[in-house]
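> Below is one structure. I have some questions about it.
No lab work stands behind these numbers, since they all come straight from the coordinates. What you are looking at is a predicted structure, and each value in this text was computed from that prediction instead of being measured. As a convention, Cβ positions derive from the backbone with ideal geometry for all residues, glycine included, and neighbour counts pool all protein chains shown.
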Amino acid sequence: MSGPLGERLERAIAALAATGQAPRFWLRDDDATTPTEALDRLLSLSERHAVPLALAAIPAQAEPILARHLAGRRNVRVLVHGWAHTNHAPSGQKKQELGAHRPAPIVLGELAEGLSRIVDMFGDQARPVLVPPWNRVDASLLPSLPGLGFAALSVFGPSRPAPLPLVNSTVDIIDWHGTRGCRDHADLAAEIAAQLEARLTDPSLPPVGILTHHLVHDEAAWSFLERLFAATTSDGQPTWVSIDTLLA
């Protein structure tokens, strides 16, 4: 990553190094159901740069062929992306599958079955981490999640107090409210740099979580990931951590 896209990032990385810290990132990608060319492109890219991938799969839609396709890929872990990625919110409200629009026992029952399906399908690659569709879950459901077997919750944004550990994504590369393609590269780089700079004053902050959606990536999205991965792995340091490290 060079030129105006990378100068601030390079300064932030250098500043962290000067304090003895390594910049740390993690990668979550949502909406996996079956092997696709886009998924293969993401897998190839992450493997080439040794970037661990946390793949959120939709339990009700995930196909056994996906498990066979991912088997043996040591850098991939599979998370629980709700149940069916179905919106139950009334028209005019933000989309939500795990809201208060249905009785809690029904929603929790679906999540329990979703976790069971992901574990049965993906075996050792499965992790009991709930990734709510649209990154939204009603707060009243959270205290019940550990009892269902979930070890952590992953939504979008800064961490805040919750009944179970949070492993959040903090930078979404997609412009959902505009082009629905990749956001401006310089804007993304500046946002990532700002989050790294915050760790200069608070080293306890978790790794920067990059959020992707392989099925909607345009060429600009693939280009950004290529440049980001190259810029953050060029010195051979393990700057990208796995979901296992975050859970530990």
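> Please specify each residue of the range 54-79 satisfying the condition of being within 21 Å of P207 (Cβ to Cβ) and hydrophobic (A, V, I, L, M, F, W, C).
A54, L55, A56, V76, V78, L79
> Select from the range 77-122 the residues that are β-branched (V, I, T) and in contact with a helix residue (DSSP H, G or I) (Cβ under 6 Å, 6 or more places away or on another chain) and write down the one among them that is nearest to G149 (Cα to Cα).
The residue in question is V80.
> Let me ask another. Among residues belonging to the range 49-62 that are in contact (Cβ under 8 Å) with a residue 40 or more places away in the chain and not hydrophobic (A, V, I, L, M, F, W, C), point out the one that is surrounded by the most Cβ atoms within 10 Å (Cβ to Cβ).
Going through the qualifying residues, I end up with P59.
> Working only within the range 150-185, note down all residues that are small (G, A, S), loosely packed, with under 14 Cβ neighbours inside 10 Å and touching a helix residue (DSSP H, G or I) at 6+ places or on another chain (Cβ under 9 Å).
If the condition is that a residue be small (G, A, S), loosely packed, with under 14 Cβ neighbours inside 10 Å and touching a helix residue (DSSP H, G or I) at 6+ places or on another chain (Cβ under 9 Å), then G157 is the only one that fits.
> Looking at the range 97-104, can you tell me whether even one residue there is touching a residue at least 24 places away in the same chain (Cβ under 8 Å), closer than 29 Å to L228 by Cβ and surrounded by fewer than 18 Cβ atoms within 10 Å (Cβ to Cβ)?
Checked the range 97-104: no residue is touching a residue at least 24 places away in the same chain (Cβ under 8 Å), closer than 29 Å to L228 by Cβ and surrounded by fewer than 18 Cβ atoms within 10 Å (Cβ to Cβ).
> Just to be sure I understand the filter: pairs with C-beta atoms under 8 Å, separated by 6 or more residues or on different chains, first member in the range 125-142 and over 10 Å from L98 (Cα atoms), second member surrounded by 18 or more Cβ atoms within 10 Å (Cβ to Cβ) and among the hydroxyl-bearing types (S, T, Y). Which pairs pass?
V129/S154; L130/S154; V131/S154
> Do the conditions hold for A221, that is, is it in a helix (DSSP H, G or I), out of contact with any Lys or Arg (no Cβ under 7 Å at 6 or more places or on another chain), of a type in the set (G, A, S) and in contact (Cβ under 8 Å) with a residue 12 or more places away in the chain?
yes
> Next question, about the same structure. Quick one: count up the residues across the range 195-214 that are touching a residue at least 12 places away in the same chain (Cβ under 8 Å), surrounded by 14 or more Cβ atoms within 10 Å (Cβ to Cβ) and either more than 20 Å from L45 (Cβ to Cβ) or among the acidic types (D, E) (or both).
Summing the residues that are touching a residue at least 12 places away in the same chain (Cβ under 8 Å), surrounded by 14 or more Cβ atoms within 10 Å (Cβ to Cβ) and either more than 20 Å from L45 (Cβ to Cβ) or among the acidic types (D, E) (or both) in the range 195-214 gives 6.
> Is there a residue being of a type outside the set (K, R) and within 22 Å of A139 (Cα to Cα) anywhere in the range 26-36? Give the derivation first.
Filtering the range 26-36 down to residues of a type outside the set (K, R) leaves 26-27, 29-36.
Add one more test, that the residue is within 22 Å of A139 (Cα to Cα), and what stays is 30.
Among the residues of the range 26-36, at least one is of a type outside the set (K, R) and within 22 Å of A139 (Cα to Cα), which makes the answer yes.
> Would you mind stating whether H217 is surrounded by 18 or more Cβ atoms within 10 Å (Cβ to Cβ) and more than 17 Å from R24 (Cβ to Cβ)?
Judged against the criteria, H217 is a match.
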